[in-house]
Structure formats: structure tokens, C-alpha cells
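Enquirer: The structure follows.
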């Protein structure tokens, strides 16, 4: 019986996927995989790539390609039927991964391969994949007792369920709040934001202007709205999502889910012989110990806090001078920061927006990667779209298609917030030839209004480049073993290197000359505006740095200290971290943690520090381009070869040294961030 979710080497048939088909199809694939893996182990006494590893990889890939479009649709076109189908599969997938990870005979086969005299002569990618698989068997509890294995499976299944519920609660809480406003209430908002709010109201059948908690609506209100009471109302609704505070208090509350998640993670870590979950997390990262992570974050805080405090004092003084504000509240920060930026540098995000229409930015982005890596990007017109906004592109090298990617740029209801890259299909060798990689690139930008194109802020431009950097890591890999192809097998605290690295071109005059173009005249970003943008680049960089350190320290301490007497509550720890590094005082009702999907519904638990860790790598990597030319072809090819093409084939530090010629330095990050101590 053909599986409705799987057609080998084709793009996903999104519109043919029916929610009621999902669970039976996934269940069928899992049972097929189990039966085939057991048969492979029983068919011979000695194993190698052809007799075991390649067939197992093919089985895993079939399941991955079936699940990928389902998971993607659940994120970008969420509805009750798909949500139920998605959640019904989570325990099946969790149980299967536990079954495979704890399969003693399968693990023994991998150990036999690693111990064989032929192992050293095998393909280096295969050797690396085997070594990582043996590590993962250990982390999956293959050496546990029977009772402990059952407990491990229960923990993994429950953690998967909790992560999905956390994400759903955030989405539902975000969708639940909206408000009609008058033009007078929205005084100060740019015309682009007003047009978006007017269009949103019209699409809902309402009069007036509709604002909500999606970023293209939220951000303009907090940044520009003169109505302080409305800013407070919107800020409160946003920072209390999925909590027991705010306008929807108690609905979709993630508080208990957070506690339960932390407890189960702690139990999982101890079951596997780790002191705490942070130790378990670091088993697959560059950082070698919790102490090294804390030292890294503390060092950044020590260097950044003096400047952050000076910036905060300046902002308080400015708000008092401008409006007599005696107390600067959280809902005032963005508003007065934007005013101060405009006063000091005569430039705002809205000044830049007319020069960054999507239909100019995308060709500009593709020109950057053409100059750096010799790539061509070509749009595909006919394909199976799951939404009218979605585009599909092919990536070509020397005239040959090597990858493709879906691009889903705009915010809409029932779409998860934020921006991300995910795998649709991974590059690997098959019996039929080479399977090409396919990526999903997702953002939540302001959609086009009427006949006008979508106009991006500079912040959104860097977001687009960031996600495309992830996409290049996935699509340009030259690895043919799935376990180390693209981002697979890459240490998690190094995986942000290619994404943060590509953001640098958003600041370079030579690149902006063709990335930008006025949506009416086509004129590139004027030199005067470009200089102002550059001058303002590190405005409040100290405050931005300590804000990220607040998130990172909170996450890491939460997972390193949970279960000890040093944590009395999640909120108590967050308050303690804020006392250490924050300069902005959060109101007592703020429940940031209840929407912190990165660590409670994503892959960043005890790993949020990775953003700063990888930023050290990316800043130092870009400093070589500063020395040799930002479009130096040889330098671009060196980065492509040593970082993008290498995937997880070697340790991240080894790959970085191969590109940079030395270990990374923190100095370029501080210099690029304008942190002077």
C-alpha cells in the first residue's frame, strides 16, 4: 500500500496531505522501519556501510521526509485537525526514537563496525557518523537497565508532549488578543503600520484599525505610538501571554508546564548519569563544561554592563527632558529609544523601510551569495503551495541545481511567530544517485498592503539574511551521509555561525548598493542615510548585549541548578539574574518565561548561550573578510569549503581553525558591537 505522505525524491505534496491520513501513515512507516531494522540485524553476522548503515539511513530518511511536511504545516498553517494529527504522532515518534536508541543489537553492530580493522579505511563521513551514533546510543540510555529504559522512554514521550503544548499555548494566547483602535489612538505610527492595521481590520470585516500581538503589529505600537496607555496595554498583553497574569489570565497558562518540563529534564539527566540537564545538554556542544559557559557569559557581562548602565542613564535623562517622565517603564523603552536614536542620528527604521522592498531585497540577497560563493538562485513558478504567500527557489552551482528552498515571509493568523530554518530533505547518497537538500525558510514580516510591496525594516533585513545563512549551511553541504549533512552533527553552539555571519553584509555599503532600492524610484539607499545607519548601528549595544545575557544566564542556570536549593522558583531565579545583569526593570506582572519557546518548545534548553557563543565565531570569521575584502572570492570559497560544505564532518573548532588559521577571539565581537567597557 503506497504511503500518502511519501513520494521518493519529490517535493512534499502539501495539498494532498489530509490530517486523518497522518497518524496511520506515520504509524505504518515506523512499523516498517522496526521490522526492516530487525531483519537487517538478523540477516548477517558482520556489518558495514552497504549491509547495515546505508539501509538504516534510508529508512530514517523515509520517515523524516514523511514527517517534515506535517510538522511544517503544523507551524505555518495551524488548525485543530492538523494539530490533533501532529500531537497524535508525537508519542509514536518519541517511542520509536527510544526503541532505536536503546536497541542493544543495533548498538552492538555499530560498535563492531567501529572496532573492525576496516574502520580506519572507511569514508571519513561514515566514520564520523558512526562515532556520533555511538555517542547518541549512550545518550539514549542503551546501557540502562530494563526498568530504567522504560523510564527513559516515558520521560522522552512526556517531554515531547509538554513542548508541543507549550508552543500551542503561546500561539493560542497570541491569537486570542487583538484590539480595534482609532487613528487618533495610534498617533505616531508610521503610515506603513497604519496601512497594515487598516487592512487587517478590513479583512476581519471591521471598521477602524486592528492591532494584535503578531510582530508586524506589536513592534510599531511599542516603537512609535504616542499613546502611552495603549503602549502599556499592548506590552502587558504581550509579556503576559500564556500565564496567570494579564488580560487572558489563566488561559493557556504555561506555568505548570515549565515546572514539569524542568523536573522531567532533571530526572532524564540524572537517569543518564549526569549531575543536571546542563551537563547533558553540553554533551553535544562545543563548550566543554558548565563552568566554561558561565565564565563566558560572566566575562561578556563584565565587559558590557558599564556601557549598558550608561546607556540606560542617558535614556532616562532623555525621557525626562522630552516629556518630564519621572519613571521610565518597560512599555516606554522602545518608544523613547527610537526617539533618542532619531534625535542623535537623524535616522529610524522607518526611514530605511522604503528602500527595502522585498522584490528588491531578494535579488540583492541572491547577488551577495553569487559574489561570495558563485551561486545562482532561480524562482520556480509551478509547485504545490500550501499558502499563496509561499515561494520556491532553486540554488544552482555552475549551472546545475544543487538544492532548493521554500520561502514563507509574511506574518498571518495561525502561523507560529518568529523566524526559522528547517529541513525538508537532507543531502545524502542513495542507490539511485544523490538526494538534493531542500530547506524551509520562514519569517513573520509585514505583508504587502494593497498594491504596494512588503517593505522591510533593516532589522527584518538582517533576520532574512540570518535565516538564509542557516539555509546555506543546509543546502551547500557536500556531505553524503545524512547524520553529518548540513546542520546535522554540528555542535549546537556552533550552528548559529553561518546565520549570524551572513548578517554582516546588511551593513556594508557595497552590498547595500544593490540590496536596497526605493520601492517607487529604484534609488539605492542614499549615502547620507547609509552613513547615519552605520553610525547608529551600535546604538544601545550595551543594553542589547545584557538583554541577551539575561536570557542566556536564566536558561543555563535554570537547567544547571534545578533540583538544588539555590532555586526557589522559576520567577525567583529570573529576578535574581535580572539583578545581576539587567538594566531595565521588568514590571512584576511580566512573565517572559511563559513565552520563552526557544528553551521550552525548541532546541535551546541549556543552550541559549549558543547565540553569543556562535556570535564570537561569526564576528571573528567576518573579520577575515574585513581584512581581505567583503566580496573576496577566495575568502568566500574558503568559508564555503571549511564551514558550509563541511557540515558535521569534523569538530566545529577544527573547522573554524581551518578557515581562520587560529582559535576564535572575543575581540571582534566586542568591536562589532561597539562595546568599549
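The values are calculated or read from the model by the stated rules, or taken from the named source; none is laboratory data. If you're wondering where the values come from, they're calculated on a predicted model, not measured in any experiment. No Cβ is skipped: glycine too gets one built from the backbone with ideal geometry, and neighbour counts run over all protein chains shown.
Enquirer: Among (1) under 30 Å from residue 96 (Cβ atoms); (2) surrounded by fewer than 18 Cβ atoms within 10 Å (Cβ to Cβ), there is one condition residue 155 misses while meeting the rest; what is its number?
Expert: (2)
Enquirer: Being farther than 17 Å from residue 462 by Cα, in a helix (DSSP H, G or I) and out of contact with any helix residue (DSSP H, G or I) (no Cβ under 8 Å at 6 or more places or on another chain), is that true of even one residue in the stretch 518-529?
Expert: Yes, the stretch 518-529 has at least one match.
Enquirer: Of all the residues that make up the stretch 269-293, how many are in a helix (DSSP H, G or I) and buried (at least 20 other Cβ atoms within 10 Å of the Cβ)?
Expert: Matching residues across the stretch 269-293 total 8.
Enquirer: Just a yes or no: is a residue in the stretch 329-345 on the phi > 0 side of the Ramachandran plot and not assigned by TED's automatic domain parsing to the domain that holds residue 523?
Expert: no
Enquirer: Residues that are touching a residue at least 60 places away in the same chain (Cβ under 8 Å) and assigned to a loop (DSSP other than H, G, I, E, B): does the stretch 575-584 have at least one?
Expert: Looking for residues that are touching a residue at least 60 places away in the same chain (Cβ under 8 Å) and assigned to a loop (DSSP other than H, G, I, E, B), one finds at least one in the stretch 575-584, hence yes.
Enquirer: Please work out which one of (1) crowded, with 20+ Cβ neighbours inside 10 Å; (2) out of contact with any strand residue (DSSP E or B) (no Cβ under 6 Å at 6 or more places or on another chain) is the condition residue 197 fails and give its number.
Expert: Against the list (1) crowded, with 20+ Cβ neighbours inside 10 Å; (2) out of contact with any strand residue (DSSP E or B) (no Cβ under 6 Å at 6 or more places or on another chain), residue 197 comes up short only on (2).
Enquirer: Inspect all residues belonging to the stretch 611-630 and state whether any of them is over 20 Å from residue 556 (Cα atoms), assigned to a loop (DSSP other than H, G, I, E, B) and not assigned by TED's automatic domain parsing to the domain that holds residue 367.
Expert: Checked the stretch 611-630: at least one residue is over 20 Å from residue 556 (Cα atoms), assigned to a loop (DSSP other than H, G, I, E, B) and not assigned by TED's automatic domain parsing to the domain that holds residue 367.
Enquirer: Could you list, in sequence order, the residues of the stretch 645-677 that are exposed (fewer than 14 other Cβ atoms within 10 Å of the Cβ) and outside any loop (DSSP other than H, G, I, E, B)?
Expert: 654, 667
Enquirer: Name every residue in the stretch 557-570 that is surrounded by 15 or more Cβ atoms within 10 Å (Cβ to Cβ) and either free of Cβ contacts under 8 Å to residues at least 40 places away in the same chain or in a helix (DSSP H, G or I) (or both), in order of residue number.
Expert: 557, 558, 559, 560, 561, 567, 570
Enquirer: Condition (residue is closer than 12 Å to residue 66 by Cβ, at pLDDT 95 or above and in contact with a helix residue (DSSP H, G or I) (Cβ under 9 Å, 6 or more places away or on another chain)) applied to the stretch 34-51: is it met by at least one residue?
Expert: No, the stretch 34-51 contains no residue that is closer than 12 Å to residue 66 by Cβ, at pLDDT 95 or above and in contact with a helix residue (DSSP H, G or I) (Cβ under 9 Å, 6 or more places away or on another chain).
Enquirer: Go through the stretch 239-259 and count every residue that is part of a helix (DSSP H, G or I) and more than 22 Å from the chain's Cα centre (by Cα).
Expert: Here the count works out to 3.
Enquirer: Now for a separate question. Which count do you get for residues in the stretch 587-605 that are in contact with a helix residue (DSSP H, G or I) (Cβ under 7 Å, 6 or more places away or on another chain) and crowded, with 16+ Cβ neighbours inside 10 Å?
Expert: 12
Enquirer: State whether one or more residues within the stretch 152-171 are in contact (Cβ under 8 Å) with a residue 12 or more places away in the chain and either over 32 Å from the mean Cα position of the chain (by Cα) or in the same structural domain as residue 597 (by TED's automatic domain parsing) (or both).
Expert: No: the stretch 152-171 contains no residue that is in contact (Cβ under 8 Å) with a residue 12 or more places away in the chain and either over 32 Å from the mean Cα position of the chain (by Cα) or in the same structural domain as residue 597 (by TED's automatic domain parsing) (or both).
Enquirer: Quick one: which residue in 371, 353, 360, 341 is more than 25 Å from residue 514 (Cβ to Cβ) and in contact (Cβ under 8 Å) with a residue 40 or more places away in the chain?
Expert: Unique residue meeting the criteria: 341.
Enquirer: Take residue 249 and tell me if it is more than 30 Å from residue 160 (Cα to Cα) and either surrounded by fewer than 21 Cβ atoms within 10 Å (Cβ to Cβ) or in contact with a strand residue (DSSP E or B) (Cβ under 7 Å, 6 or more places away or on another chain) (or both).
Expert: no
Enquirer: Conditions: (1) surrounded by 14 or more Cβ atoms within 10 Å (Cβ to Cβ); (2) at pLDDT 95 or above; (3) under 30 Å from the mean Cα position of the chain (by Cα). Residue 106 meets all but one. Number of the miss?
Expert: (3)
Enquirer: What's the total number of residues in the stretch 459-480 that are closer than 27 Å to residue 349 by Cα and in contact with a strand residue (DSSP E or B) (Cβ under 7 Å, 6 or more places away or on another chain)?
Expert: Final tally of qualifying residues: 7.
Yes or no, residue by residue, for (1) at pLDDT below 95; (2) assigned to a helix (DSSP H, G or I); (3) farther than 21 Å from residue 534 by Cα:
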residue: 295; (1), (2), (3): no, yes, yes
residue: 308; (1), (2), (3): no, yes, no
residue: 317; (1), (2), (3): no, yes, yes
residue: 328; (1), (2), (3): no, no, yes
residue: 333; (1), (2), (3): no, yes, yes
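Enquirer: Do we find that residue 192 is under 20 Å from the mean Cα position of the chain (by Cα), surrounded by 18 or more Cβ atoms within 10 Å (Cβ to Cβ) and within 21 Å of residue 235 (Cα to Cα) in this structure?
Expert: no
Enquirer: Oh, and also: Within the stretch 301-315, does at least one residue satisfy the condition of being more than 30 Å from residue 557 (Cβ to Cβ) and either touching a strand residue (DSSP E or B) at 6+ places or on another chain (Cβ under 9 Å) or buried (at least 16 other Cβ atoms within 10 Å of the Cβ) (or both)?
Expert: No: zero hits.
Enquirer: Is it true that residue 304 is in contact with a helix residue (DSSP H, G or I) (Cβ under 6 Å, 6 or more places away or on another chain), in a helix (DSSP H, G or I) and not assigned by TED's automatic domain parsing to the domain that holds residue 228?
Expert: For residue 304, the condition - in contact with a helix residue (DSSP H, G or I) (Cβ under 6 Å, 6 or more places away or on another chain), in a helix (DSSP H, G or I) and not assigned by TED's automatic domain parsing to the domain that holds residue 228 - is met.
Enquirer: Turning to a different aspect of this structure: Give the residues of the stretch 283-329 that are over 22 Å from residue 580 (Cβ atoms) and free of Cβ contacts under 8 Å to residues at least 60 places away in the same chain, sorted by residue number.
Expert: Once the filter is applied, which keeps residues that are over 22 Å from residue 580 (Cβ atoms) and free of Cβ contacts under 8 Å to residues at least 60 places away in the same chain, the stretch 283-329 yields 288, 317, 318, 319, 320, 321, 322, 323, 324, 325, 326, 327.
Enquirer: To continue, here is another question. Can you tell me which residue in the stretch 606-628 is surrounded by the most Cβ atoms within 10 Å (Cβ to Cβ), limited to those that are over 19 Å from residue 495 (Cβ atoms), without any contact (Cβ under 8 Å) to a residue 60 or more places away in the chain and touching a helix residue (DSSP H, G or I) at 6+ places or on another chain (Cβ under 7 Å)?
Expert: Restricting to residues being over 19 Å from residue 495 (Cβ atoms), without any contact (Cβ under 8 Å) to a residue 60 or more places away in the chain and touching a helix residue (DSSP H, G or I) at 6+ places or on another chain (Cβ under 7 Å), the top hit is 623.
Enquirer: For the stretch 39-65, give me each residue that is over 36 Å from the mean Cα position of the chain (by Cα) and assigned to a helix (DSSP H, G or I).
Expert: Matches in the stretch 39-65: 39, 40, 41, 42, 43, 51.
Enquirer: Evaluate the following for residue 18: is it in contact (Cβ under 8 Å) with a residue 40 or more places away in the chain, over 26 Å from the mean Cα position of the chain (by Cα) and closer than 30 Å to residue 410 by Cα?
Expert: No; evaluated as a whole, the condition is false for this residue.
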